[in-house]
Amino acid sequence: MRRSLPCIFCLVIFLCLSACRTAGPTPPLEQLAGTSWRLQEMGDESIPPEVRTTLAFQRDGGITGQAGCNLYYAACRLDGEDLTVSALGSTRKICAPAVMDHENRFLAALKSARRMVISETHLLIFSEGLEVPLGFTPLDD
């Protein structure tokens, strides 16, 4: 049994790494146009249950979405996996403090985005200063 433990451990590591692999290179922004994603993970920060945070790629190369309380919009550039978000703006509605805190953290992470990795089931945005990426899943509705 002790001899098989290293083999089992290696198999588990291999399966985990295989599951994290992307389906290929990140498609250019033109191919992402019209797709929408919902934030499911924000590192170790919890997302308030009443909050819906989204990201939609527009045909003009911009992104829009719901930040929790307010709508946001930004320009973005994608070069391979390198992502740059600029000219970030939003509406100015005020919501509950927990929702506003989530929104401020999300928009700060989006503004400092540096890399994006995408597969059929997940979109990950890696931001400067965050150890764990923002994790999105396709928005069905």
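Rule-based calculations on the coordinates, nothing more; no lab input. The shown structure was predicted, so the numbers you read here are calculated from the model rather than taken from an experiment. We place every Cβ from the backbone using ideal geometry, glycine too, and count neighbours over all the protein chains shown.
Some values worked out for this structure:
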{"item": "Cα→Cβ-extended label distance, 7 Å offset, between Ala75 and Thr91, nm", "result": "2.4 nm"}
{"item": "Among 104-111, 126-133, 87-94, 48-55, the order from most to least packed when residues are scored by Cβ within 10 Å on average", "result": "104-111, 48-55, 126-133, 87-94"}
{"item": "Three-way shape label, segment 26-138, alpha-carbon gyration tensor, a/c 1.5", "result": "prolate"}
{"item": "Segment 36-141 - percent relative contact order, Cα under 8 Å, separation 6 or more", "result": "28 percent"}
